[in-house]
Structure formats: C-alpha cells, structure tokens
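The values are calculated or read from the model by the stated rules, or taken from the named source; none is laboratory data. Note that the structure is predicted; figures quoted are calculated from it, not measured. Please note: Cβ atoms are built from the backbone with ideal geometry, for glycine as well, and neighbour counts cover all protein chains shown. Remember, those area values only see protein heavy atoms, side chains included, never the ligands or the DNA or RNA. Shrake-Rupley method; radii C 1.70, N 1.55, O 1.52, S 1.80 Å.
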Amino acid sequence: MSTPVLVAVAWPYASGSRHLGHLAGAYLPADVFARHQRRVGNEVLMVSGSDVHGTPITVRADAEGVTPQDIVDRYHGEFLRQWDAVGISWDNYTTTGTEHHARVTQQMFLRQLENGHIDKRTSDQFYDPEAERFLPDRYIEGTCPYCGYGEARGDQCDNCGRTLDATELGDPRSKITGVTPELRATEHFFYRYSDFTERLATWLKAKRGWRPHVLNFALGWTEEDGLHDRAITRDLDWGIEVPVDDLGPGKRIYVWYDAVIGYLSASQEWASLRGDEEQWRHWWENDDARHVYFIGKDNIPFHCLFWPAQLMGAGDLHLPDDVPANQYVTFKGGKASASRGIGLTIEEGLDLFQPDGLRYALAANFPEQADTEISIEEIARRINEELVATWGNLVNRVLAMVHKNHGVQPRSDGRTGADAALLATVDQFLTTSGEQIERVELRAALRTAMDGAQAINAYLNATEPWKLAKVDPDRAGVVLATALDAINAIRIAFSPFLPFSSARLDEVLGEVDGWRSVAVEPGTVIDKPVPLFEKVDVAELLAATGVDGDAGD
C-alpha cells in the first residue's frame, strides 16, 4: 500500500546565489529521498520555493538601488536553472510572492486569530532616526548575548544558531545608516507560541528515530524557559498584507511567520495546477501521510517548534514526522555562506563538475551528524577514486566485454554457487540501502551501493571472464550475464543519487520499476559503451579557478 509522503524543503531567500553548502545541506538530500520514495511506489509531493519576503532581499535592493522585485526575479530565475541542471525533481517549486501563498497565509492568520492564538500588543522596536523608519530584524546587527559574536543579526546568530529578538543584541547598529537605533513603541500582532510549549514538549518526547542533535536542540527550548510569544507583523511595505485593519497602514506579515506556511500553500498550489483543488488534503489532513522536512540546523527552531505551533493553532493539519536537519558544510574551516562569499556557489560547482559527479561527491560528504569539509580537491578525489574508478569502470568494462564477446546479454543457464552468492549479496545490499534511505541515512546508503559495486568487482577478479572467454566461452557468458544482472540491481541503489547516468543505463539495460533486482533480458543488445563519468584533472581545475588548493579561498 502506497503512502502519501510530503518532502518539504527549506525555502531559500531570493537574495543571492546559493552555494554548495545549501545544496548538500537540504536540496540534494531531499531529492535523493524523494526519488527513492517514488521508486518504491509511494505518492510523493516534494515542494519548496523561493522566499521573496526575506529582509535580506530588501537589504540588497537598497544597497543596489533597485526594487525588491528586481532582486527576486534575478535569483528566482537563477535557482530554477540550477535546480534543473543539478537534477532536483520538484513537484512544485514556487515562491512566497504568489497571490495563492498570500491567500493561504491570510487564511491561516485569521483561523489562528479566531482560535485565540494571535493577539495585539504594543512593544518597543528599533527605529533608525536618521533613516526615519522602524527597522526589521535583519536591518540590525550587534553582539549576540549568548556567544558574544559581534555580527549577529536581529533575528538570529549565525555563529551559535540561536534565534534572537533584536532588542537582545548588544551594541546594536542600523545596517542602513550605521547609527545606533532607538527603541520606540509600535503596535503589532503577536503569535502566542507560549500556548504550545507543553504540547510541543509532549509531541517531541514521543518522537523515535530523530537525529539526536535535532531532538535535543528542540527539547532544550521547551525545557529551558519555554517558547516566547513573538511579533508576526512588522513596519514594512514589502510583504503580505495583514488581513485585518486593526493596526492601520504600513504593516505587513513578517517573513518568518509566512515562509513556513509555504509548505502548505505550495501543496495547495500544486493541487490547483493539477485541476483538483482538494487533492492537497490527501497529504495535510491524512493521519497515514508522512511529512519529512529537509533543512539546515539553523532552521531547527522554525521547523520543530514554531511551525508545529502554527499548525496546532490552525487546527487539524499534519505535523512533521521527521526533521532530519543537517549540520554545516565548511570550506577551509569556515561555514559556507553565500552572503559572506565563503565556498563555491552551485553555479561554480556545475561549471567545474558533471552533475552526477557533483551529486556523488556532496552526497558522500552529507553533514548528517557533524560538520563536513568540502573543497575542489575533495570533490575531485571522490569522483576520480570512487565514482569513476569503482562504479563507472565496473559498468564500462562489463558492458565492453559483453559487447565484444556476445553483442547481447548472454543466457545464464547453469549458474554456480558463486554466481548465486553474488546475486544474493547484491540483493541484500539493495535492501539495506533502501532501509537506510528510509531512515534518512543517505551517506550510509551511498556507501552500501558502492559496497555492492566492489562486491561485483571482487567476483569478476575471482572468475576472470576475460580469460574464460578464450578457454570456456560458455562459462564466460554465464559470468558476464551474472555480473550484468548484479549491476542492474546495484544501479537501482545508485539511482536516487545519480539520476543522469541512471537514465543512460535505462537506455542500455531497460527501465526498472520498484526497488528490486531484475535480470537483464537475455538477448538485449549491448552496444559499445560510452563511459558514464569523466575523470577530473585537479590541477587544471585549480588553475582555471585561481584557487590555491582550497575551495574557500
């Protein structure tokens, strides 16, 4: 029986190019997981989109002297091109700037207001007297009160990951003028997150199989001093309009309340585009559904606390089933950052490497439990020493031997115990890799697939079909048929990670449905193969990019 699986992926700010840390942290893991879920027959809805209301967009627009929409159009278009180039298989990739998203956000706001979880309060917020405007959180920088980092933002510290209120910052300064802002009274709507502290704690404590760093971080919030109520409107002219006029003009719904609602609005938009306005309910009002959120660890509070609290406040909507947040990708010891120019952008990565090669190297280094280091040399090493030397070479030499000696897939009558043992081994590797992906242990699943390739290589080295072809061609044919059947099984384990080369193998060996081993039909024509992957010249890459041995320079 198939399961409706929502694969919900972090929404990138359309304020600048995304880097390989973003790709390895959220987008590629989500794609691997979604591709596996589709192959095993589940109903997958993978959604995300460009966050167009983030204040980094207005900050950049101010700096460049253009409109926020100019910035959004530039980077949303860039994202769409790169997702296609790297093979991210969205069901709906949209933006928070659509009328659809605004309507869903306003509907959720009104429902929560009716349920008593939103109220109006007067609070002190920073005002820039020189610019004569209230400052959104991202327009303020200062010293983090928890770790002492001097460039913390008004909503979050990039160094320790804590979510902040701008008034907590030490030595605050305006990003517009550099002056010290003043606190002035202003009226806003607040979401009563404190209403849900106990319920969230109970919900989190019942979770099994979550990554320890995710669960411990989220539970720590509920156990320290509980969730705090937070303003969900701001003095802005860029964002979704408040659906009630209690506050007067010049107010908008704030980005970090509305962005997470994108998972719901994107699902509803997808249903609408398919001509079935109610189909989204199959994922969102269904206890049998499974929701898996792919994010970086800096987004844990939003997806394990704030978003569930918003869902609880809205009524009977499905809560997250797993939030396998990744740690950080580092370059030369520093956290990859688009805004600070640390690390390769996705476009730079695609300029240097084949898409499947890049996907493989990043997947082999997914930061699932700890920060991982990526560099041009590390990506190239993974491609050359593992992907090309083991999997690519295995496929190429078996196809070449079959083509040369038979022209078609040989018959496999009279297999020996060794032949059967190999097929049983690769079947087990295929099963294990599928179980690992189900648990979102993606690095382990990729290693398992590579172990399967190495088992086939060991079998070939033991049987030596290139020698058998001269003295016992019938036995050589059985060995090659067995090896190609084993490859046909292991390519399924690789397929979520390597979609482009997998599609090429579909053309050679035939498409395979499901997550199961299928023999290559005897008589299948095997043409002279073309290598699946290109070996990388590291010195040439480094010279071309002007990088002196490290991608972070």
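Which one is most open to solvent (accessible area, probe 1.4 Å), of the residues in the stretch 75-101 that are assigned to a helix (DSSP H, G or I) and farther than 17 Å from Tyr13 by Cα?
Glu99
Of the conditions (1) over 27 Å from the mean Cα position of the chain (by Cα); (2) closer than 30 Å to Val179 by Cα; (3) of a type in the set (Lys, Arg), Arg111 satisfies every one except a single condition; which number is it?
Of everything listed in (1) over 27 Å from the mean Cα position of the chain (by Cα); (2) closer than 30 Å to Val179 by Cα; (3) of a type in the set (Lys, Arg), Arg111 misses just condition (2).
From Leu311, Leu319, Leu247, grab the single residue that is over 17 Å from Thr96 (Cβ atoms) and either in contact with a helix residue (DSSP H, G or I) (Cβ under 6 Å, 6 or more places away or on another chain) or of a type in the set (Gly, Ala, Ser) (or both).
None of the others qualify; the one that does is Leu319.
Where in the stretch 346-445 are there helices (runs of 4 or more DSSP H), lying fully within it, with 3 or more residues that are open to solvent by less than 10 Å² (accessible area, probe 1.4 Å)?
Filter on the stretch 346-445 gives 355-363, 376-381, 393-405, 417-438.
Any chance you could count how many residues in the stretch 218-241 are open to solvent by less than 60 Å² (accessible area, probe 1.4 Å), part of a helix (DSSP H, G or I) and touching a helix residue (DSSP H, G or I) at 6+ places or on another chain (Cβ under 8 Å)?
Result for the stretch 218-241: 4.
Which residues, taken from the stretch 117-157, are under 26 Å from Gln310 (Cβ atoms), open to solvent by less than 40 Å² (accessible area, probe 1.4 Å) and assigned to a loop (DSSP other than H, G, I, E, B)?
Within the stretch 117-157, His117, Leu135, Pro136, Cys144, Gly154, Asp155, Cys157 meet the criteria.
Just give me the residues in the stretch 25-42 being in contact with a Phe, Trp or Tyr (Cβ under 6 Å, 6 or more places away or on another chain), farther than 11 Å from Leu442 by Cα and assigned to a helix (DSSP H, G or I), in sequence order.
Within the stretch 25-42, Ala26, Arg39 meet the criteria.
Would you say Gly65 is at pLDDT 95 or above, out of contact with any Pro (no Cβ under 7 Å at 6 or more places or on another chain), of a type in the set (Gly, Ala, Ser) and on the phi > 0 side of the Ramachandran plot? Give the steps one after another, and end with the answer.
Numbers: at pLDDT 95 or above: no; out of contact with any Pro (no Cβ under 7 Å at 6 or more places or on another chain): yes; of a type in the set (Gly, Ala, Ser): yes; on the phi > 0 side of the Ramachandran plot: yes.
No.
Any idea which residue in the stretch 273-297 is farthest from Leu45 (Cα to Cα), counting only those that are open to solvent by 40 Å² or more (accessible area, probe 1.4 Å) and not in a loop (DSSP other than H, G, I, E, B)? Walk me through it before giving the result.
Filtering the stretch 273-297 down to residues open to solvent by 40 Å² or more (accessible area, probe 1.4 Å) leaves 273-279, 281-282, 285, 287-288, 290, 297.
Pick out the ones that are also not in a loop (DSSP other than H, G, I, E, B) and you get 273, 281-282, 290, 297.
On the way: Leu273: 13, Arg281: 12, His282: 10, Arg290: 10, Lys297: 23 Å.
Among those that are open to solvent by 40 Å² or more (accessible area, probe 1.4 Å) and not in a loop (DSSP other than H, G, I, E, B), it is Lys297.
Is the stretch 161-175 home to any residue that is of a type in the set (D, E, K, R), surrounded by fewer than 18 Cβ atoms within 10 Å (Cβ to Cβ) and in contact (Cβ under 8 Å) with a residue 40 or more places away in the chain?
Among the residues of the stretch 161-175, at least one is of a type in the set (D, E, K, R), surrounded by fewer than 18 Cβ atoms within 10 Å (Cβ to Cβ) and in contact (Cβ under 8 Å) with a residue 40 or more places away in the chain, which makes the answer yes.
Identify the single condition in (1) within 23 Å of Glu347 (Cα to Cα); (2) buried (at least 24 other Cβ atoms within 10 Å of the Cβ) that Leu6 does not satisfy, given that it satisfies every other one.
Unmet condition: (1).
For the stretch 192-200, indicate whether the set of residues that are buried (at least 19 other Cβ atoms within 10 Å of the Cβ) and within 30 Å of Ile437 (Cβ to Cβ) is non-empty.
yes
Name the residues in the stretch 453-473 that are under 16 Å from Gly392 (Cα atoms) and in contact (Cβ under 8 Å) with a residue 24 or more places away in the chain, would you?
The answer is Ala453, Gln454, Ala455, Ile456, Asn457, Leu460.
Among (1) farther than 30 Å from Glu435 by Cα; (2) surrounded by 13 or more Cβ atoms within 10 Å (Cβ to Cβ); (3) free of Cβ contacts under 8 Å to residues at least 60 places away in the same chain; (4) not acidic (Asp, Glu), which single condition is Ala476 missing?
Just one mismatch for Ala476, condition (3).
Return the pair list, or none, for Cβ contacts closer than 7 Å from residues in the stretch 523-552 that are at pLDDT below 85 to residues that are open to solvent by 40 Å² or more (accessible area, probe 1.4 Å), at least 6 apart or on different chains.
Val547/Asp553; Gly549/Glu377; Asp550/Lys332; Gly552/Lys332; Gly552/Ile342
Can you name the residue in the stretch 298-330 that is open to solvent by 20 Å² or more (accessible area, probe 1.4 Å) and touching a Pro at 6+ places or on another chain (Cβ under 7 Å) and, of all such residues, is modelled with the highest pLDDT?
The qualifying residue modelled with the highest pLDDT is Leu319.
With the requirement that a residue be part of a loop (DSSP other than H, G, I, E, B) and of a type in the set (S, T, N, Q), what does the stretch 312-330 give you?
Gln327
Restricting the search to the stretch 34-68, which residues are open to solvent by 10 Å² or more (accessible area, probe 1.4 Å), without any contact (Cβ under 8 Å) to a residue 40 or more places away in the chain and among the aliphatic types (A, V, I, L, M)?
Ala63, Val66, listed by residue number.
For the stretch 9-20, give me each residue that is more than 10 Å from the chain's Cα centre (by Cα) and buried (at least 21 other Cβ atoms within 10 Å of the Cβ). Please lay out each step first, then the result.
Kept after step one, since they are more than 10 Å from the chain's Cα centre (by Cα), are these residues of the stretch 9-20: 12-20.
Pro12, Tyr13, Ala14, Ser15, Arg18, His19, Leu20, listed by residue number.
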